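A short write-up of the structure that comes next.
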Amino acid sequence: MQEAGIVGYGFFVPRLRITIEEIAKTWKKDGKKTSAGLGLQEKAVAAWDEDTATISVEAARMALETAKLDSQKIGAIFVGSESHPYAVKPTATIVGDAINAGPAFMAADLEFACKAGTAGIQVCMGLVKSDMINYGLSVGADTAQGKPNDALEFTAGSGGAGFIVGKEKNEIIATLDETFSFTTDTPDFWRRQHAEFPRHAGRFTGEPAYFRHVFGATHAILEKTGLKPTEFSHVIFHQPNGKFPRIAAKKLGFTEAQLKQGLITPLIGNTYSGSTMIGLASVLDIAKPGEKILAVSYGSGAGSDAFVLTTTKNSSTKRAPISVLEMIQEKEYISYSEYAKHRKKLKSL
Amino acid sequence: MADNAIAIHWRRYPERYLLRGCHCETCKTDFFPGRLFCPNCRRKGKMVSKEMPRTGKIVSFTEVFVGPIGFQHETPYFLALIDLGNKCMILSQIVDSPKEKIKTGAQVKKVFRKIQDTDHEGAIAYGYKFKVS
Ligand SMILES: [Zn+2]
């Protein structure tokens, strides 16, 4: 079978920010305590002319730029999100036309809570390895909504990242060595058709949901590859807040140093389908050749996709035009009332 | 957007998504938006489709305080006349840019944004806006 690897990556995080303290102030909660409890200072907010499609297009464009690839060579586009702008009508076709990939490409939108983007990477891996396509693009992006005053409102952020999977050795930045998924039917978080905001099962979202699946996928991929936690230079876990990935890393035997570069949620909030993928992009911003990376996503409902990657010599030359950490420095703070306007939380908008 | 406007919007996707205009191979001139005939060469012109540069320079700008229908909640916002460097000028909204950086001569780059989304059940119009780079 063909080898497959990442040949380009890109990302986009909206410019607007709201601090956890500002949200807490509106609901008469202790901002410092909430912020510390979640391990999160602020979150990125999509402006009202931004949505999952616009974020995906920007991430896809940057991925093409990083890959130095002609968009007409893309054979498949998948967009994973839980906030696709349309219930029926794909985001992937908007992305395809906006980067001029069409009309000869296959496309579909995916949904698996916060892990639909990594599921798209797996689909691209399969298509590339089986020689059905030469290049596949998977984007994970969200403009996640939390119900006002719900715990999720403090963490639900906006952003996304895209990865182009290819097979040419001289183009690959990081080889996709192995993947493993751990999936069960677990009702920890959901949004019914026509419902505006998702619901979650409170405490149930921890042990039986996030931790069980992240641990299950991690243990299995380590066993499958025979690798030990100490052999990885970087590890990325899905980051619904700043706390869960830290607990997961510690329990699984990874250090804060391995986790640091890919832990972005404390600065921009949980970008759902974008979360693990932006973390991986941030790692590729600085990774040196020959480093092993472990990335484990988590999507409610529930499942985890684990990946083992190894950076190649191209990793030091093929980098995004701006790093994740640089892009998120570009920001503008807004008040809760401006946030309510941009996110259309006011009834008349 | 209104359902009866969909065909008009859709025909302009290449222009709005990719800044696709055209180029006359006879007199080597770019045009945006695209046109069927070259005004310089008339019947001798040979027009081909071409994507415009995605960067440019602000030639002139204005701040809009009273927006047209569909934009009334976005005010105040900036509109700028942008020189794409190939003698093509484009009028666009400027977003994601601090007020003090929006000035004549400022370098801008194209971004992909929602242009119109007023009808909750209607189709969404996407297209170009620019930001100071
Ligand atoms: Zn001409």
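The values are calculated or read from the model by the stated rules, or taken from the named source; none is laboratory data. Owing to the predicted nature of the structure, the values given are computational and were not obtained by experimental measurement. Heads up, the Cβs are rebuilt from the backbone with ideal geometry, glycines too, and the neighbour counts pull from every protein chain shown. Only protein heavy atoms, including side chains, enter the accessible area calculation; ligands, DNA and RNA are left aside. Shrake-Rupley method; radii C 1.70, N 1.55, O 1.52, S 1.80 Å.
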Item to complete: Could you order peptides B:78-87, A:165-174 by the average number of other Cβ atoms within 10 Å of their residues, highest first?
Response: A:165-174, B:78-87
Practice prompt. Could you go through the range A:271-287 in sequence order and give the Karplus-derived ³J(HN,Hα) for each residue, using 6.51 cos²θ - 1.76 cosθ + 1.60 with θ = phi - 60°, rounded to whole Hz, and x for Gly and Pro?
Written response: 8, 6, 4, x, 4, 5, 6, 5, x, 5, 4, 4, 5, 5, 4, 10, 4
Item to complete: Measure out, as a whole number of angstrom, how far apart the alpha-carbon centroids of the range A:273-349 and the range A:124-187 sit.
Response: 10 Å
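Exceeding 24 Å between C-alpha atoms, which entries from my cross-link table qualify? They are A:LYS251/A:LYS318; A:LYS345/B:LYS131; A:LYS344/B:LYS114; A:LYS331/B:LYS114; B:LYS103/B:LYS129.
Going by Cα-Cα distance, A:LYS251/A:LYS318; A:LYS345/B:LYS131 fall outside the 24 Å limit.
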Practice prompt. Please give the average number of partner chain Cβ atoms lying within 10 Å of the Cβ of each residue in B:110-121, rounded to a whole number.
Written response: 4
Fill in: In the range A:183-218, the trypsin sites (Lys or Arg not before Pro) that fall in loop regions by DSSP, at most 15 other Cβ within 10 Å
A:ARG192
Fill in: Under 12 Å from A:LYS147, Cα to Cα: aspartates and glutamates that are on another chain or at least 8 residues apart
A:GLU196
Practice prompt. Place a +1 charge on the Cβ of each Lys and Arg in the protein assembly as shown and a -1 charge on the Cβ of each Asp and Glu, then give the dipole magnitude about the Cα centre in debye, rounded to the nearest 20.
Written response: 1020 debye
Worksheet item: When you look at the Cβ of every residue in A:51-64, what mean number of other chain Cβ atoms sits within 10 Å?
Response: 2
Fill in: Other protein chain Cβ atoms within 10 Å, averaged over every residue that makes up A:242-250
0
Worksheet item: What is the spin-label model distance, in nm, from A:GLU21 to A:ILE247 if the labels are put 7 Å beyond Cα along the C-beta direction?
Response: 2.6 nm
Response to the item:
Sorted list, accessible surface of protein heavy atoms, 1.4 Å probe, largest first, for A:GLU3, A:GLU58 is A:GLU3, A:GLU58
Discussion item. Could you give me D for the range A:174-315, from Stokes-Einstein at 37 °C and 0.692 mPa s, where the hydrodynamic radius is the Kirkwood radius over C-alpha pairs? Units µm² s⁻¹, please.
Written reply: 215 µm²/s
Worksheet entry | Under the Karplus curve 6.51 cos²θ - 1.76 cosθ + 1.60, θ = phi - 60°, whole-Hz ³J(HN,Hα) for the range B:51-58, x wherever Gly or Pro sits | 7, 6, x, 9, 10, x, 9, 6
Practice prompt. Give the distance, in whole Å, between the Cα centre of the range A:1-57 and the Cα centre of the range B:83-107.
Written response: 27 Å
Response to the item:
A:VAL123 neighbourhood, Cβ < 14 Å, K/R = +1, D/E = -1, net charge -1
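Take peptides A:281-289, B:104-112 and line them up by average Cβ neighbours within 10 Å, highest first, as a rough protection proxy.
A:281-289, B:104-112
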Discussion item. So for each of B:91-100, A:77-86 I average, over its residues, the number of other beta carbons within 10 Å; can you give me the resulting order with the highest mean first?
Written reply: A:77-86, B:91-100
Worksheet entry | the range A:56-208 - charge dipole about Cα centre, Lys and Arg +1 at Cβ, Asp and Glu -1, debye rounded to 20 | 140 debye
Item to complete: Find the percent of Cα-Cα distances in the range A:25-114 that exceed 15 Å, and round it to a whole number.
Response: 67 percent
Worksheet, complete the sentence: Using alpha carbon positions and the Kirkwood radius, the Rg to Rh ratio of the range A:240-315 is 0.95
Discussion item. Please report the spacing between the Cα centers of the range A:65-88 and the range A:205-263 in Å, no decimals.
Written reply: 27 Å
Discussion item. Quick check for you: with a 1.4 Å probe and neighbouring chains kept, what is the accessible area per residue of chain A, in Å²?
Written reply: 38 Å²
Discussion item. Please report the projected area of the protein assembly as shown's Cα convex hull averaged over all directions, in nm².
Written reply: 23.5 nm²
Practice prompt. With a 1.4 Å probe and all protein chains in place, put A:TRP48, A:TRP27, B:TRP10 in order of accessible area, largest first.
Written response: B:TRP10, A:TRP27, A:TRP48
Worksheet item: Dividing the convex hull volume of the Cα atoms of the range B:54-132 by its residue count, what figure in Å³ per residue is obtained?
Response: 91 Å³
Worksheet item: Mean residue ellipticity at 222 nm from the helices of the protein assembly as shown, using -39,500 (n - 2.57) per DSSP H segment of n ≥ 4 over the full residue count, to the nearest 500 deg cm²/dmol?
Response: -7000 deg cm²/dmol
Practice prompt. Could you name the lysines whose alpha carbon sits less than 24 Å from that of B:LYS44, not counting residues in the same chain fewer than 8 places away?
Written response: B:LYS28, B:LYS87
Worksheet item: How long is the gain from B:ARG12 to B:LEU79 if the chain were fully straight, where each residue apart is worth 0.36 nm and the alpha carbon distance is subtracted?
Response: 22.1 nm
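First select every other residue whose beta carbon is under 15 angstrom from the beta carbon of A:PRO289; then total the charges, Lys and Arg +1, Asp and Glu -1.
Values: positive: A:LYS169, A:LYS288, A:LYS292, A:LYS313, A:LYS318, A:ARG319; negative: A:GLU171, A:ASP177, A:ASP285, A:GLU291.
Neighbourhood net charge equals +2.
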Worksheet entry | Reachable aspartates and glutamates, given that their alpha-carbon falls under 14 Å from the alpha-carbon of A:LYS260 and they are not under 8 places away in the same chain | A:ASP285
Worksheet, complete the sentence: Amide H proximity to A:PHE237 below 5 Å, modelled H, separation 5+ or other chain, gives A:VAL296
Worksheet item: Check B:LYS50: other-chain or 5+ apart residues with amide H under 5 Å from its amide H, H built from backbone geometry?
Response: B:GLY21, B:CYS22, B:HIS23
Discussion item. Could you compute the net charge surrounding A:ARG17? Neighbours are other residues with a C-beta less than 14 Å from the C-beta of A:ARG17; K and R count +1, D and E count -1.
Written reply: -4
